[in-house]
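Notes to accompany the following structure.
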Amino acid sequence: MRGYTGMRGIASVPSYVIMQPTTLCNLGCTYCYLPHRTANRRMTLPVAQAVARSVNEWAAQRRFSVVWHGGEPLATGREHLASLLAPFSRDVEQHVQTNATLIDDAWCEFFTAHRMRVSVSVDGPEELNRERVTRAGRPSYDRVMRGVAALRRHGIGFSALCVVSNPVPGLATRIYEYFLELGCDVLGINIEEQEGVNTRDNAYPEESVVGFWAELVAAWRRNPGIHLREVEWSLRYADAVLNGTADDVLPRQLDPIPTVAYDGSVVLLSPELAGFTDRRYGDFSSGNVLRTPLPEIIAGATATGWIREFLAGVESCRASCAYFGFCGGAHAANRYFEHGRFDGTVTDHCRNSKMRLLEGVLQHARGA
């Protein structure tokens, strides 16, 4: 299933921008990768204005999104977040990724007024949320459910993001049925990653992970009531392989995915690198929007040393990995946090969330 064979560069225009309104988070999830989540470093208005100048032009020509991600974006407060949203035109789709613990009626009115699309982080039934605790180490699940209830009262649709720390058969059906009942529109499954300040091992047994994905596919096919991100990706790829169009699955150029930190610094390609520094690579940023327009930062991406090394690693993946047509090459942050550099190839994240995902889909197909 090698499929894709073209060279990959970096697109000059992203499909979305990630904005960090604050580094602060009110939770202390044990698997979190963020380095400064106990500090309240808030984005200034000039940073949002600088980004909006470019984003508004892009959004006038095509569909374009801004994703507010933290920390916990709602921890910045409604008044401050409103001031950061103000420079963006109504053409821009506004999204927020939240732990939902701060959502109340006033926040729901805010989401409606600003046409914000909401994605909630929750890991399934209550007993699977033991990792999602307050900074004092107390359970947060009841607060998450109050937030979800507020969204439902106001008729606000939402997506969900679930971290799985123990991917084994027998778990997937429970997770999927939970989210069906929860009422989300789209579900994304992230198998826990060794990343950032989370140094826990993620080398799970192959048979268990394949079995988890196969069971998840089966649960979804029995009742495809919500969009299941990973399964739908993999089925589209499998269909393209069968139809001889696998070369068209991956975009010809990598999305630069600019992540704009509270201080205006921009990390490209890998949001998870924002806030970290390294003796060899520095702070991973490619510029600052307070000094350089965002399109210029993207255009000069390969002047950043780690990005050149990463692109070499992508080509190594292309030349050596049978799954490249589906995956497109190991993610930059996973390479760095697992291998300490960017030009390596396969990572445990690849194995868990790409290779074994595809094998799980095939296992289900063979047994169906």
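The values are calculated or read from the model by the stated rules, or taken from the named source; none is laboratory data. Quick caveat: nothing in here was measured; it's all calculated off a predicted structure. A quick note on method: Cβ atoms are made from the backbone with ideal geometry, for glycine too, and the neighbour counts reach across all protein chains shown.
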Within segment 65-81, residues being in contact (Cβ under 8 Å) with a residue 12 or more places away in the chain and surrounded by fewer than 22 Cβ atoms within 10 Å (Cβ to Cβ) number 5
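Hey, does segment 149-160 have a residue that's assigned to a helix (DSSP H, G or I), modelled with pLDDT of 95 or more, within 23 Å of the chain's Cα centre (by Cα) and hydroxyl-bearing (Ser, Thr, Tyr)? Walk me through it before giving the result.
Going through segment 149-160, the residues assigned to a helix (DSSP H, G or I) turn out to be 149-153.
From what's left, modelled with pLDDT of 95 or more: 149-153.
If we keep only those that are within 23 Å of the chain's Cα centre (by Cα) as well, we get 151.
Remaining after also requiring hydroxyl-bearing (Ser, Thr, Tyr): none.
No, segment 149-160 has no match at all.
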In segment 192-238, anything surrounded by 16 or more Cβ atoms within 10 Å (Cβ to Cβ) and in a loop (DSSP other than H, G, I, E, B) is listed as GLU192, GLU193, GLN194, GLY196, ASN202, TYR204, ILE226
Filtering segment 240-264 down to residues that are in contact (Cβ under 8 Å) with a residue 24 or more places away in the chain and farther than 24 Å from VAL314 by Cβ yields ALA261, TYR262, ASP263, GLY264
Filtering segment 179-193 for residues that are within 21 Å of the chain's Cα centre (by Cα) and either at positive phi or not aliphatic (A, V, I, L, M) (or both) leaves a count of 8
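Based on what the data block shows, is VAL163 of a type in the set (Val, Ile, Thr) and either buried (at least 22 other Cβ atoms within 10 Å of the Cβ) or part of a helix (DSSP H, G or I) (or both)?
Considered against the rule, which asks whether it is of a type in the set (Val, Ile, Thr) and either buried (at least 22 other Cβ atoms within 10 Å of the Cβ) or part of a helix (DSSP H, G or I) (or both), VAL163 comes out as no.
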Within segment 40-70, the residues that are assigned to a loop (DSSP other than H, G, I, E, B), in contact with a Leu (Cβ under 8 Å, 6 or more places away or on another chain) and over 22 Å from ASP255 (Cα atoms) are ASN40, ARG41, MET43
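Table: residues versus (1) modelled with pLDDT of 95 or more; (2) more than 16 Å from GLU272 (Cβ to Cβ); (3) part of a helix (DSSP H, G or I).
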position	(1), (2), (3)
ALA330	no, no, no
ASN352	yes, no, yes
LEU357	yes, yes, yes
ARG366	no, yes, yes
Residues in segment 274-291 that are crowded, with 16+ Cβ neighbours inside 10 Å and either in contact with a helix residue (DSSP H, G or I) (Cβ under 7 Å, 6 or more places away or on another chain) or β-branched (Val, Ile, Thr) (or both) total 5
Within segment 99-124, the count of residues that are within 14 Å of GLY157 (Cα to Cα), under 19 Å from the mean Cα position of the chain (by Cα) and among the β-branched types (Val, Ile, Thr) comes to 2
Of (1) assigned to a loop (DSSP other than H, G, I, E, B); (2) touching a residue at least 40 places away in the same chain (Cβ under 8 Å), ARG90 satisfies every one except (2)
Condition (residue is touching a Cys at 6+ places or on another chain (Cβ under 9 Å), assigned to a loop (DSSP other than H, G, I, E, B) and of a type in the set (A, V, I, L, M)) applied to segment 30-39: is it met by at least one residue?
yes
